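J.: Please read through the structure below; I'll follow up with questions.
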Amino acid sequence: MTKDAADPFATFAVWYREAQDQADIADASAVNLATASPSGAPSNRMVLIKEFGPAGFVFYTNLSSRKAGELKANPLASLCFYWAPLGRQVRIEGAVTQVGDSAADSYFATRPIESRIGAWPSRQSEELASRTELADRIARTAARFAAGEVHRPPFWSGFRLEPTRMEFWTNKSGRLHDRIGFERIDADRWRRFLIYP
C-alpha cells in the first residue's frame, strides 16, 4: 500500500506505474471489463483504460457494440486488472456514465491514423461475412478521408466507471493472499478494510 492508505487512487497510481515499468507486462492498461444485460446475463472482454483518477476509469468503444448497449441498459460494471509478474490484481466496481463529446474528441485525435480510420467502418459486435468485406470498408473509408482530418464518428465515444468499491489483491504463499478493500463513503472519503483470502 501507499503512504496515503485511505486513498485507493493513490495506491492504484503506484501499482499502475510499477506495472508499466515491468518488462514482462505487455500493456498495463489492459483490463477485463464485465457488464450485464438488463436481465442480468453477464459478459466480459478486455479493454484499455485511457484515463484514471478520482473521477473514475475511462475506456472507449463503438456505441453500437454489445458492451455499450449493456452499459446503457444497465449502467453498472466492474473492472479487473491482473498483473501476473507482480502477483497483483485490482478489482473495481461502480456506476458508468458516457463521457462528453469534447473528451471523446480530444482522445480520438490522439489515436494513430489507422485506428481513427478503423473506427468508421467497424460495426463492432455485429456478425461479419468475411475479412474481405471489412478490408473493402476500410479502403473506402481511407479514400474518403485521404484529403482531410479523420474526425470522431458520432457512434464512437467513451465511458467512465466511477468506483464505489475497490480491492487490491497481492499473491501470497499457501493461497493466503493479501486483500485490502475500499468502499466509498461519500465523494471524498473511503472506508478501508481487510478481506479474508
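J.: Please state the relative contact order of the range 45-161 as a whole percent: Cα pairs under 8 Å, 6+ residues apart?
T.: Relative CO of the range 45-161 lands at 37 percent.
J.: Hey, got the dipole for the range 112-158? About the Cα centre, +1 on K and R Cβ, -1 on D and E Cβ, debye to the nearest 20?
T.: On the way: 7 positive and 6 negative charges, 24 e Å.
It comes to approximately 120 debye.
J.: Within a Cβ distance under 14 Å of Glu167, other residues only, what is the Lys/Arg minus Asp/Glu net charge? Could the numbers behind the result be given before it?
T.: On the way: positive: Arg88, Arg91, Arg165, Arg179, Arg184, Arg191, Arg192; negative: Glu93, Asp178, Glu183.
Summing Lys/Arg as +1 and Asp/Glu as -1 gives +4.
J.: Would you please classify the overall shape of the range 80-170 from the alpha carbon gyration tensor, given that a ≥ b ≥ c denote the square roots of the eigenvalues, rounded means a/c under 1.5, and beyond that prolate means a/b larger than b/c while oblate covers the rest?
T.: Because a/c hits 1.5 or more and a/b exceeds b/c, the range 80-170 counts as prolate.
J.: Set the Förster radius R0 to 35 Å, insert the Cβ-Cβ distance between Tyr82 and Glu114 as r into 1/(1 + (r/R0)^6), and round the FRET efficiency to 0.05.
T.: So, using R0 = 35 Å, E works out to roughly 0.80.
J.: Packing-wise, with mean Cβ within 10 Å as the measure, how do 168-174, 6-12 rank, highest first?
T.: Most protected by this proxy first, the peptides run 6-12, 168-174.
J.: Hey, another quick one. Net charge near Gly118, counting Lys/Arg +1 and Asp/Glu -1 over other residues with Cβ under 11 Å of its Cβ?
T.: Numbers: positive: Arg111, Arg116, Arg137; negative: Glu114.
It works out to a net charge of +2.
J.: Treating only the Cβ of Lys, Arg, Asp and Glu as charged (+1, +1, -1, -1), what charge dipole size does the range 49-197 show about its Cα centre? Round to the nearest 20 debye.
T.: Working: 23 positive and 17 negative charges, 80 e Å.
Its charge dipole is roughly 380 debye.
J.: Determine the gain in length on full extension of the stretch Thr170-Leu194; use 0.36 nm per residue of separation and subtract their C-alpha separation, reporting nm with one decimal.
T.: Using 0.36 nm per residue and subtracting the Cα-Cα distance, I get 7.4 nm.
J.: For the chain, what is the relative contact order in percent, using Cα pairs closer than 8 Å and at least 6 residues apart in sequence?
T.: Working: 323 pairs, mean separation 42.6, N = 197.
Value for the chain: 22 percent.
J.: Between the range 131-197 and the range 1-56, how many Å separate their Cα centres?
T.: Computed from Cα coordinates, the inter-centre distance equals 7 Å.
J.: Among Asn171, Ser102, Ala142, which residue has its Cα positioned farthest towards the positive end of the charge dipole of the range 98-197, with +1 placed on the Cβ of Lys and Arg, -1 on the Cβ of Asp and Glu, and the dipole taken about the Cα centre?
T.: Asn171
J.: Considering only protein heavy atoms, what per residue accessible area in square angstrom results for the range 20-170 with a 1.4 angstrom probe?
T.: Numbers: 7900 Å² over 151 residues.
That works out to 52 Å² for each residue.
J.: Looking at the square roots a ≥ b ≥ c of the eigenvalues of the Cα gyration tensor of the range 33-105, which shape do they give, rounded for a/c under 1.5, prolate if a/b is larger than b/c, or oblate?
T.: It is oblate, given that a/c is not under 1.5 and a/b is not larger than b/c.
J.: Connecting C-alpha atoms closer than 10 Å in a GNM of the chain, tell me which of Thr110, Thr61, Thr141 has the biggest fluctuation.
T.: Thr110
J.: Once fully extended, how much extra length lies between Glu183 and Ala55, figured as 0.36 nm per residue of separation less the alpha-carbon to alpha-carbon distance?
T.: Here the segment from Glu183 to Ala55 would lengthen by 44.6 nm.
The values are calculated or read from the model by the stated rules, or taken from the named source; none is laboratory data. All figures in this text were calculated on a predicted structure; none of them were measured in a lab. A quick note on method: Cβ atoms are made from the backbone with ideal geometry, for glycine too, and the neighbour counts reach across all protein chains shown. Keep in mind that these areas ignore ligands, DNA and RNA; they rest on the heavy atoms of the full protein, side chains included. Shrake-Rupley method; radii C 1.70, N 1.55, O 1.52, S 1.80 Å.
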